[in-house]
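Enquirer: Dropping a structure here in C-alpha cells format, bear with me for questions.
The values are calculated or read from the model by the stated rules, or taken from the named source; none is laboratory data. The structure presented is a predicted model; accordingly, all values stated were derived computationally and were not measured. We place every Cβ from the backbone using ideal geometry, glycine too, and count neighbours over all the protein chains shown.
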Amino acid sequence: METNGLGSALGIADQASALRERLASLSAEGTQSESSEAREAATEFEAYLIKVLLGEMRKTLSGDALGGGQSNDGYQSLMDDALARYAARAGGIGLADQLIGQWERRG
C-alpha cells in the first residue's frame, strides 16, 4: 500500500477507471450475467476503497495490531485486504449499491 495520500488517491483513480471500463464492456456485451458481473466489479472497487481507508486510519494509531515491526507490514496488508473484502461482501459502506444504482440509471 502507498505510504502517502497522493499514492492512495492515484490508486483509487486507477481502480475507478478500471471499474468504468469494466462496466462499459458489460454494457457493450449485453450478457445475461451483466448484473452479477457489475455487482462483482462494484464490490471489488468498494473492497479496494475500504482497504485504502483502513490503511490510512491505521497510520493514525500509535501501536500495531500485530505487534509492530517491518516484518508485520505484509501481514497487516493481508489482514486489511481480507477484512475489506469481507466487509464489502457483507454490505460494506453502501458504495457498491450506489454504483450499481447509478449504472442502472445510465444504462
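Enquirer: Could you tell me which residue of the range 1-25 is surrounded by the most Cβ atoms within 10 Å (Cβ to Cβ), considering only residues that are over 12 Å from the mean Cα position of the chain (by Cα) and modelled with pLDDT of 65 or more?
Expert: LEU23
Enquirer: Pull up the range 78-107, narrow it to residues that are small (Gly, Ala, Ser) and without any contact (Cβ under 8 Å) to a residue 40 or more places away in the chain, then point me to the one that is surrounded by the most Cβ atoms within 10 Å (Cβ to Cβ).
Expert: Result: ALA84.
Enquirer: Turning to a different aspect of this structure: Exactly one condition in (1) among the small types (Gly, Ala, Ser); (2) surrounded by 13 or more Cβ atoms within 10 Å (Cβ to Cβ); (3) modelled with pLDDT under 90 is not met by GLY30; state its number.
Expert: GLY30 satisfies every listed condition except (2).
Each row is one residue, and each column tells you yes or no for (1) of a type outside the set (A, V, I, L, M); (2) within 14 Å of the chain's Cα centre (by Cα); (3) in a helix (DSSP H, G or I); (4) modelled with pLDDT of 85 or more.
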| position | (1), (2), (3), (4) |
| --- | --- |
| TYR48 | yes, yes, yes, yes |
| GLU56 | yes, yes, yes, yes |
| GLY68 | yes, no, no, no |
| TYR75 | yes, no, yes, no |
| ASP80 | yes, yes, yes, yes |
| GLY101 | yes, no, yes, yes |
